[in-house]
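Below: the structure, in structure tokens.
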Amino acid sequence: MVAQCFTVDLSKPLVFQVGHLGEDYQEWVHQPIVSKEGPRFFESDFWEFLTRTQWWVIPLIWLPVVGWNLSRSIYLGHTITEVAIMAAFGVFAWTLVEYTLHRFLFHIETKSYWGNTIHYLLHGCHHKHPMDGLRLVFPPAATAILLFPFWNLIKLISTPTTTPAIFGGGLLGYVMYDVTHYYVHHGQPTSEMPKSLKKYHLNHHFRVQNKGFGITSSLWDRVFGTLPPSKLAEKSR
């Protein structure tokens, strides 16, 4: 917890402390504290409330929005099959967005006061307290803000009748990502595929934090060469 010139006090709200770590922030934030009890972020109860989200809130809020967008494309003249294909494309596109955001934004290296502070709010808190169950999914208020540029981007590259279906598919991909992310941290899988997914993601947290950026799959890690090495390969070096 001790940096060269600053000590983080875990008993006090953290958000406005971590910026003072400067260049030592990256080392500090990647030394996880494994506890289901998350830290306090803000003195203000209002802002603190906005940082805490139960996992089930995500599908509860966003699945109706997904359904509305898909039905909108049907209303505008597309068949159910066409809408399903466009939605599937949106889900697939989301997996690339998921990988890109995680690799290039969530794992950006910062050292300035505000850079560290923003990074901690965005993703650093998750690496410092990976089992904090109320900060595993993205707060809906923040998601709502980010949906506007994504909608406009899709609108720019598609048609008025296909935009809702592709957007709905992308949003469905996001919902799948967030609930999967929660599950790989707190679920107890019994079948092979979810077990493998859980092991893959926890490996990113506790062993090789600069690789394994996929959450719902390892597809883009394989494509872009960020697949973490196996323990066997590491031992042979």
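Data table
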item: Residue count, region 121-135 (criterion: closer than 14 Å to His204 by Cβ and free of Cβ contacts under 8 Å to residues at least 60 places away in the same chain); result: 2
item: Only one of Phe148, Phe138 that is open to solvent by 40 Å² or more (accessible area, probe 1.4 Å), among the aromatic types (Phe, Trp, Tyr) and touching a residue at least 40 places away in the same chain (Cβ under 8 Å); result: Phe138
item: Residue match in region 48-66 (condition: out of contact with any helix residue (DSSP H, G or I) (no Cβ under 9 Å at 6 or more places or on another chain), closer than 30 Å to Pro164 by Cβ and free of Cβ contacts under 8 Å to residues at least 60 places away in the same chain); result: yes
item: Residues (under 20 Å from Met176 (Cβ atoms) and either in contact (Cβ under 8 Å) with a residue 40 or more places away in the chain or not in a helix (DSSP H, G or I) (or both)) located in region 69-89; result: Asn69, Leu70, Ser73, Val83, Met86, Ala87, Ala88, Phe89
item: Qualifying residue in region 73-82 (condition: acidic (Asp, Glu) and either in contact with a helix residue (DSSP H, G or I) (Cβ under 6 Å, 6 or more places away or on another chain) or open to solvent by 40 Å² or more (accessible area, probe 1.4 Å) (or both)); result: yes
item: Candidates Ile166, Ile215 - the one that is assigned to a loop (DSSP other than H, G, I, E, B), of a type in the set (A, V, I, L, M, F, W, C) and surrounded by 15 or more Cβ atoms within 10 Å (Cβ to Cβ); result: Ile215
item: Count - residues of region 1-39 that are closer than 26 Å to Asn203 by Cα, open to solvent by 80 Å² or more (accessible area, probe 1.4 Å) and either part of a loop (DSSP other than H, G, I, E, B) or charged (D, E, K, R) (or both); result: 7
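The values are calculated or read from the model by the stated rules, or taken from the named source; none is laboratory data. All values reported here derive from a predicted model rather than from experimental measurement. Methodologically, a virtual Cβ is constructed for each residue, glycine included, from the backbone with ideal geometry; neighbour enumeration extends over all protein chains shown. In case anyone asks, the SASA skips ligands and DNA or RNA and just uses the protein heavy atoms, side chains included. Shrake-Rupley method; radii C 1.70, N 1.55, O 1.52, S 1.80 Å.
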